[in-house]
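Q: One structure follows; several queries about it will come next.
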Amino acid sequence: PQKTSFHRSQTLGYKNGFAFPRLPTVGIGGERLYVNQLSQAELDELSNKRPTLTYGQAKRAPPSAFIPAHVAFDKKILKFDAYFQEDVPLSAEEHYRIRQVGIYYYLEDDSMSVIEPVVQNSGLLQGKLVRRHRVPKNDRGDHYHWKDLNRGMNITMYGRTYRIVDCDPFTQVFLESQGIELNPPEKMVFDPYTERRRMPVPKCIAPSDFDRLKQFLIYDKQVLRFYAMWDDTDSIFGENRPYIIHYYLADDTVEVQEVYEQNDGRDPFPILIKRQRLPKTFVDKKKTFPSCVLEISDQEVLEWYTAKDFAVGKPTTLLGRTFFIYDCDEFTRNFYRDKFGITDFQPVEIKKKPLEKIPQVIPPYNGFGLLEDSLQNCFSLLPKPPRKNVIKMLENDREVLRYQVALESPNPEDRKRRFILSYFLSNDTISIYEPPVRNSGIIGGKFLGKTRVAKPGSTAENATYYEPSDLTIGSTIEVFGHRFVITDADEYVLNYMESNAESFPAATLQSLRDHFRSRQVVKDTANSDIPMLGTSKQELDESIVQVQEELKLHKNLNNKNIREAFLQWDKDGSGILDKAKFLSLCDSLNVPTNTSLVNKLIDLCSCGEDKINYHDFLRAFPS
């Protein structure tokens, strides 16, 4: 009852890889056994071997060493010769193909491989068809064993059936030693298409009376040379091209070489027609017969070109091209003189047709970029920028003529806009800038970048651009659909034109002088204290005060609108208006010009008979 362990001791052991039983030394629970350790069989053996007990055990021979299978069968391979049949669906010459293979069985690990010998220029993917591995035999997980292989049987691997016809001597000896009865060997089946290709093609050629060997031995390295011309001027971009025709007397072949000149713009292909026999007359050339074939046999040709078909001064058609022979070399002359008795070898002078000059048509200007810059695309594939007058650019660098222009537009809002036109003398370009005016509703800034402006009516062939002589006071210029009126100019414009009077018309110079003279008179009159038309400044001031007192009674007058109206009508900013225009403007603004005080003020502001200085008149209408 005090036992806690009831397991039995191990009686099975291993020695040198072999299992053997042994007697237990302890009992259940690990108790020591003191009984006889010999079994009954051993006791019986001892009773029958009394001499062994007396003289000792006899020495036995040592057991043979254990050899594993991968060592015993290392590099031992069973080889079987086999073939399989493959269908060829898309071929008119063969319907199936026989492919010979070798089946190899490796005894060390029971693996197999299928290898097809490589045939040169076969066009098939040959070599190892099935890599070395254990090939499955069925769907139950079995694999092929060397016991399943024999001669004269079919074996299926991965859907392809192989017919085993024979094996090598080692395989035969091994299988017979293992008690396998081998079938008789069969003959290897060969591919019918391959065997048919190996057979020589029978040629039934009647012996010729003409001895070609004799012709070759006599005329070897003797060549007739003709100088010819091909006239291709009838086609587009065609021309007269020179060629050299070689006739080889050894085998009656013809060769046509091209003649190249330096910088002729053509790729240097040396041969136009390679050396070959050229047909002259076909047997029955039907319309359905292709004009270009790979090979022409003697059955299709009635006559070939020979040496008698070439002559100086006559055209010759070779493969559809007509060559005119105009000369030949000295050897050719001697050959024809000795062979055919021809003595007339006068060279023909070739006159090249003058090329028809095609007039260049300039396309219409599309409006993109400068006219000269866009025109370069019509003259060259890689256009170059137009050449600039560098001397003019250096002499007139930073020379700019500035004008004040007004936009001529039917919209009243655009009439009030003022622009600054800058004419750059270095490259005859024009830029237009609009000074920003606060609360005008129009964003000022650059109106036109530096560019040359063409005059209305100018064409791409004969383009005329605006010049400084065209920019006179009061003239209208058209800039890309916008019309501008020149109202003023910078004083530098007058100074520059007076210093270069020989380069500008007298009318342009005179218009600037008249404009600046009238503006100077107004400026001097406004800044001087000399009474106008016999009136004093004090009298003018008193009249302005009286008019202001009288106009206080008129509540419907808006002094701000009156000042803006006068400034708007004065387009050139001279401060002087015509008297008739002045009076009509006063009537539209409800200014009481019928009163004596207002009439007196108008008389005091008069500058001549029909001119009025409205700046003094507006002093009576303070803002």
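The values are calculated or read from the model by the stated rules, or taken from the named source; none is laboratory data. None of the values given here were measured: they were computed from a predicted structure. Cβ atoms come from the backbone with ideal geometry, glycine included; neighbour counts cover every protein chain shown. Note: accessible area is taken over every heavy atom of the protein model, side chains too, but ligands, DNA and RNA are not part of it. Shrake-Rupley method; radii C 1.70, N 1.55, O 1.52, S 1.80 Å.
Q: Quick one: which residue in 35, 26 is modelled with pLDDT under 85 and open to solvent by 90 Å² or more (accessible area, probe 1.4 Å)?
A: Within the list 35, 26, the selection yields 35.
Q: Please go through region 353-371 and give me each residue that is among the charged types (D, E, K, R) and in contact (Cβ under 8 Å) with a residue 24 or more places away in the chain, ordered by number.
A: 353
Q: For region 476-496, which residues satisfy the criterion of being in a loop (DSSP other than H, G, I, E, B) and without any contact (Cβ under 8 Å) to a residue 12 or more places away in the chain?
A: Scanning region 476-496 gives a single hit, 481.
Q: Out of the residues in region 171-205 that are part of a loop (DSSP other than H, G, I, E, B) and in contact (Cβ under 8 Å) with a residue 40 or more places away in the chain, which is least open to solvent (accessible area, probe 1.4 Å)?
A: Out of the qualifying residues, it is 191.
Q: Can you tell me how many residues within region 441-466 are surrounded by 12 or more Cβ atoms within 10 Å (Cβ to Cβ), farther than 15 Å from residue 373 by Cα and of a type in the set (Gly, Ala, Ser)?
A: Of the residues in that region, 2 qualify.
Q: Determine whether region 323-335 contains at least one residue that is in contact with a helix residue (DSSP H, G or I) (Cβ under 8 Å, 6 or more places away or on another chain), crowded, with 16+ Cβ neighbours inside 10 Å and assigned to a helix (DSSP H, G or I).
A: Yes, some residue in region 323-335 is in contact with a helix residue (DSSP H, G or I) (Cβ under 8 Å, 6 or more places away or on another chain), crowded, with 16+ Cβ neighbours inside 10 Å and assigned to a helix (DSSP H, G or I).
Q: Among the residues of region 92-107, what is the count of those that are farther than 14 Å from residue 129 by Cα and in contact with a strand residue (DSSP E or B) (Cβ under 9 Å, 6 or more places away or on another chain)?
A: Number satisfying all stated conditions: 7.
Q: Which one is modelled with the highest pLDDT, of the residues in region 595-610 that are more than 21 Å from residue 542 (Cβ to Cβ) and open to solvent by 80 Å² or more (accessible area, probe 1.4 Å)?
A: 610
Q: Shifting gears a bit: Any idea how many residues of region 527-564 are at pLDDT below 70 and either open to solvent by 70 Å² or more (accessible area, probe 1.4 Å) or not in a helix (DSSP H, G or I) (or both)?
A: The qualifying residues number 17.
Q: Checking residue 137 against (1) touching a Phe, Trp or Tyr at 6+ places or on another chain (Cβ under 6 Å); (2) modelled with pLDDT of 95 or more; (3) open to solvent by 20 Å² or more (accessible area, probe 1.4 Å), which single condition isn't satisfied?
A: (2)
Q: Could I ask something else about it? I'd like to verify a number: residues in region 400-426 that are open to solvent by less than 80 Å² (accessible area, probe 1.4 Å) and either at pLDDT below 90 or closer than 17 Å to residue 476 by Cα (or both), how many?
A: Counting residues in region 400-426 that are open to solvent by less than 80 Å² (accessible area, probe 1.4 Å) and either at pLDDT below 90 or closer than 17 Å to residue 476 by Cα (or both) gives 17.
Q: Restricted to region 147-170, and to residues that are basic (Lys, Arg) and in a strand (DSSP E or B), which residue is surrounded by the fewest Cβ atoms within 10 Å (Cβ to Cβ)?
A: My answer is 160.
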